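Just below is one structure, and these are the notes that go with it.
The values are calculated or read from the model by the stated rules, or taken from the named source; none is laboratory data. Remember, predicted model here, so these are calculated numbers, not experimental data. Here Cβ is always computed from backbone atoms with ideal geometry, including for glycine, and neighbour counts include all displayed protein chains. Only protein heavy atoms, including side chains, enter the accessible area calculation; ligands, DNA and RNA are left aside. Shrake-Rupley method; radii C 1.70, N 1.55, O 1.52, S 1.80 Å.
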Amino acid sequence: MTQKTPITVARGDGIGPEIMDATLAILSAAGARIEIEEIEIGEKVYLRGNPAGIEPSAYESLRRTKVFLKAPITTPQGGGFKSLNVTTRKAFGLYANVRPCVSYHPFVPTKHPVLDLVIIRENEEDLYAGIEHRQTQQVYQCLKLITRPGCEKIVRYAFEYARLHGRKKVTCFTKDNIMKLTDGLFHKVFDEIAAEYPDLENEHWIVDIGAAKLADTPENFDVIVMPNLYGDILSDVAAQIAGSVGLAGSANIGDQCAMFEAIHGSAPKYAGKNMANPSGLFLGAVMMLVHIGQPDVAELCHNAWLRTIEDGVHTQDIRRPDDPTPPVGTREFAEAVIARLGKRPEKLKAVSYKQAPPQRLNISAAKAASTVQAKTTIGVDVFLHWDKGTADDLGAALSPLAGPEFQLQMLSNRGMKVWPKGQPETFCTDHWRCRFVGAKEGTEVRHTDIIALLSRVAAAGFDFIKTENLCAFDGVPGFSAAQGG
Ligand code: NAD
C-alpha cells in the first residue's frame with residue numbers, strides 16, 4: 001500500500017469547520033494519500049486564556065508533519081491577543097506567501113476576463129513585526145522592519161517561482177519614494193536579483209499607482225512581489241476582482257514547513273449556514289497536494305472543481321445576479337465536485353500538475369553575510385515626551401545640554417523639521433525627535449557619550465522615551481533626513 005503523508009489540520013472558527021469538511025470530503029473521494037492529525041486553534045484557545053491562540057502541543061504536531069492545512073480563525077477583538085496566523089508564519093519561518101488569483105470568465109462574474117496572476121507576499125517582516133508602543137499621551141508607534149536577508153529570500157523566491165512556472169514577468173511594488181531606507185532596500189534587492197534573471201521581464205511600480213493599475217488592468221501583471229502589508233491588501237483586491245475572495249487559496253512556504261489556507265477570514269456572518277464557498281481552502285489544499293508530492297490527486301481535484309464551476313454549480317458569492325438557478329450550499333458544492341472527479345473542464349483551461357515544480361524552492365540569503373560594512377555611530381536621535389511650549393522653547397532649553405560631545409542639529413515633530421527655522425503653521429504633538437550629532441559633525445561618538453547626554457537631558461527634567469543611534473555604513477548615512485530639513 002502507498003504510504004500516507006501525515007498532515008496537520010485545524011478546522012478553525014466561523015465558516016472554518018464547514019469549508020474544511022467540504023475540502024476534506026473532496027480530497028478523500030479523490031484518494032488523497034494523507035493521514036490527518038487534528039489540532040485545535042483559534043477562538044476557543046484564545047478564550048481559554050492562551051494569547052497566542054495555539055497550544056504548545058499543536059506546535060509539536062506541526063513540527064512532526066511539517067504540513068499544515070488550516071481553516072480561517074477568528075481573532076478576538078481587544079488587546080493582548082496576538083494574531084495566530086502571523087505567529088505561525090513566523091514561528092515556522094514561512095517567509096513566502098503565494099497567492100494565485102485567476103478569473104473564471106465567463107462562468108464567474110468579473111470585469112477582468114483574462115486575470116491570471118500570482119502575488120508573492122513577504123510573510124514575516126514589515127509592519128507585521130507587531131512591535132508597537134504608546135510613547136506619549138498623544139502618540140503611538142508601529143515599527144516597520146525590513147531586512148536584507150528577508151528581501152533577498154522573497155525576491156529570489158518570486159523570480160525562481162516565475163521561471164519554474166513558465167511566467168514571463170516579475171513586478172515589484174514598494175513605496176520607496178517615501179520610505180527610502182526600508183522600501184528602498186526591498187526595491188534595491190529586487191533590482192539586484194532581477195539582473196540575475198535576464199530571461200524574465202521585470203518592472204517596479206510605486207505601490208499606489210501599481211495598485212490602481214492592478215485594479216484596472218490586472219491582465220498586464222504576471223507575478224508580483226511585495227512587502228507584507230501591501231501584499232496582504234492587494235491579494236484580497238486581486239482575488240475579489242477575479243470573482244470573489246472566497247475563490248483564492250494561499251500557500252505559506254518555509255525552508256522546512258508549509259501552511260495552506262484560504263486567503264479570506266472566518267466570515268462569521270455565514271457561520272453554520274451552509275452558505276460559504278469552500279473553494280479558497282480547497283485550492284489551498286490543491287497546492288498542498290502538489291507540495292507533498294501528490295500531483296496526480298491535485299490535478300484530479302482541480303480539474304473536477306473547474307468543471308463544477310463551468311457547469312454553473314455556484315455558491316451564492318459567485319452567482320450571477322441574473323442566474324435563474326438557486327445557489328448551492330457548501331456541502332452540495334463539495335458533492336458536485338466529487339461527482340465530477342475524473343472529468344475535465346471543456347471551456348476553462350484544464351490544469352496539469354504532472355510536471356509541477358515544487359512550491360518549496362531552494363532559496364538562500366547567502367549574500368547577506370558577505371556584505372558587512374563598516375559601521376560608525378555619528379549621533380543620536382533622542383525622542384522626548386514634552387508639552388511645555390514651542391519648538392523654539394525646546395531648542396533653547398536643549399542646546400546647552402548638548403556639549404561638549406554633541407551639538408543639537410534639529411528638532412522634528414511627526415518627522416517634520418520644526419527647529420531651527422520651522423514653519424509657524426506646522427502642528428506639533430507632544431512627541432519630539434531631537435537630533436544630536438557630534439560636536440565636530442561626522443566624527444564618531446561613543447556609547448558612553450550618548451549615556452552622558454541622556455543623563456544631562458534627564459537631570460534637566462526631560463522625559464526621554466527612546467533613542468535611535470545615527471549610524472553611517474561605509475560612510476553612507478543609515479538614517480533619513482527630516483522633512484523640510
Ligand atoms: P472575512 O474574509 O472573514 O469576510 C469578509 C466577507 O467576505 C464576508 O462577510 C463575506 O461576504 C466574504 N467572504 C469571505 N469568505 C467567504 C467565503 N468562503 N464564501 C463566501 N463569502 C466569503 O473578513 P472579516 O469579516 O474582516 O474577518 C472575520 C474574522 O476573520 C476576523 O476575526 C479576522 O481576524 C479573521 N481573519 C482570519 C484570517 C485567517 O484565519 N487566515 C484571515 C483574515 C481574517
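Before moving on, here are some points about what is shown:
- Span from the region 137-173 Cα centroid across to the region 14-71 one, whole angstrom: 28 Å
- Which of Phe68, Gly293, Ala350, positive extreme of dipole for the chain (C-beta unit charges): Gly293
- The residues of the chain present an accessible area of 45 Å² per residue when probed at 1.4 Å with all protein chains retained.
- The mean of 1/r over all distinct Cα pairs in the chain, once inverted, gives the Kirkwood hydrodynamic radius of 25.0 Å.
- Counting Lys and Arg as +1 and Asp and Glu as -1 over every other residue whose Cβ lies under 13 Å from the Cβ of Gly12, the net charge comes to -4.
- Dipole of region 5-339 computed with +1 at Lys/Arg Cβ and -1 at Asp/Glu Cβ about the Cα centre; of Thr174, Leu117, Ile146, farthest Cα towards the positive end is Ile146.
- DSSP beta bridge pairing in region 5-339, given as percent antiparallel to the nearest 5: 45 percent
- Using alpha-carbon coordinates, inclination of helix 56-65 to the longest axis of the chain, degrees: 60 degrees
- Most simply put, region 400-485 has about 90% antiparallel DSSP beta bridges, counting only bridges with both residues inside it.
- Using a cutoff of 8 angstrom between alpha carbon atoms and counting only pairs six or more residues apart, the relative contact order for region 375-477 works out to 48 percent.
- Note on the chain: dipole from Cβ charges, positive end direction compared against Asn469, Leu283, Gln316; the farthest Cα belongs to Leu283.
- Look at the alpha carbon pairs under 8 Å that are at least 6 residues apart: their mean separation over the length of the chain gives a relative contact order of 16 percent.
- Each Lys or Arg adds one and each Asp or Glu subtracts one; over the other residues with Cβ under 11 Å from the Cβ of His112, this totals -2.
- Quotient of the Cα radius of gyration of region 394-485 and 2.2 N^0.38 Å, N being its number of residues: 1.08.
- Size of electric dipole in region 5-339: Cβ of Lys, Arg +1 and of Asp, Glu -1, about Cα centre, debye, nearest 20: 600 debye
- Helix axis angle, 16-29 relative to the chain longest principal axis, alpha carbon, degrees: 50 degrees
- Percent of Cα pairs exceeding the 19 Å cut-off, where the set is region 276-359: 39 percent
- Chymotrypsin sites (Phe, Trp or Tyr not before Pro) within region 454-485: DSSP coil, no more than 15 neighbouring Cβ in 10 Å: Phe479
- Accessible-area ranking of His204, His314, largest first, probe 1.4 Å: His204, His314
- Accessible carbon and sulfur surface of region 156-198 relative to its total accessible area, %, 1.4 Å: 59 percent
- Accessible surface of region 319-478, 1.4 Å probe, proportion on carbon and sulfur as whole %: 53 percent
- Translational diffusion of region 72-202, estimated by Stokes-Einstein from the Kirkwood radius over alpha carbon pairs at 4 °C in a medium of 1.567 mPa s, is 75 µm² per second.
- Helical runs assigned H by DSSP (4 residues or longer) give the chain a calculated mean residue ellipticity at 222 nm of -10000 deg cm²/dmol, each run adding -39500 (n - 2.57) before division by the residue total.
- Rounded tilt (10° steps) of 182-194 against the dominant C-alpha axis of the chain: 60 degrees
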